[in-house]
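Next up is a structure, given as structure tokens.
Every number in this text was worked out from the coordinates using simple rules, so none of it is lab data. Worth saying up front: this structure is predicted, and the values here are computed from it rather than measured. We place every Cβ from the backbone using ideal geometry, glycine too, and count neighbours over all the protein chains shown.
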Amino acid sequence: MRRFEQLAPTFRSAYESFPFSWVYLTTADEATDPALAAEIDQVNAEAGAAVLYFRTPDGIKHLGAKDAVASQSAEVGSAVERLLSRAERTRDASVRLDVDGRRLLAARIERTGWLLVLMAPRTPST
């Protein structure tokens, strides 16, 4: 998690060096939730485009993107909505939030205002 916080400015700088309106990055390695990675692969492959969002159905409606698909993970969608709500209220360059044992971090991309979001695995309860 600390590594992501250290790298967020680098991600922002790298993104801003590209002339595109957005960049979509994802990875499926040992650190990724295999169920979420499989959902990304399946939904986006079937659609032939990046249409999967980790948002609630209401969050998807707010987007207004007719091809958008909400993730089947209600827990992740709800956590992301809470993070987006806080980010909207604070308008900070980065946001950190703990939701139900998971740490979420977000770095705002200046050119678009979009957020690069990282959700850490659930921490074991003590």
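To the nearest 0.05, what FRET efficiency results for Lys66 and Val117 with a Förster distance of 30 Å applied to their C-beta separation?
Values: r = 23 Å, r/R0 = 0.76.
Rounded to the nearest 0.05, the efficiency is 0.85.
Something else now. Taking a quarter of the surface of the Cα convex hull of the range 38-126, what do you get in nm²? Walk me through the numbers on the way to the answer.
On the way: hull surface 26.2 nm².
Average projection, Cα convex hull of the range 38-126: 6.6 nm².
Arrange Asp33, Asp98 by Cβ neighbour counts within 10 Å, fewest through most, would you? Write down the numbers at each step before the final one.
On the way: Asp33 15, Asp98 11.
The most exposed by this proxy come first: Asp98, Asp33.
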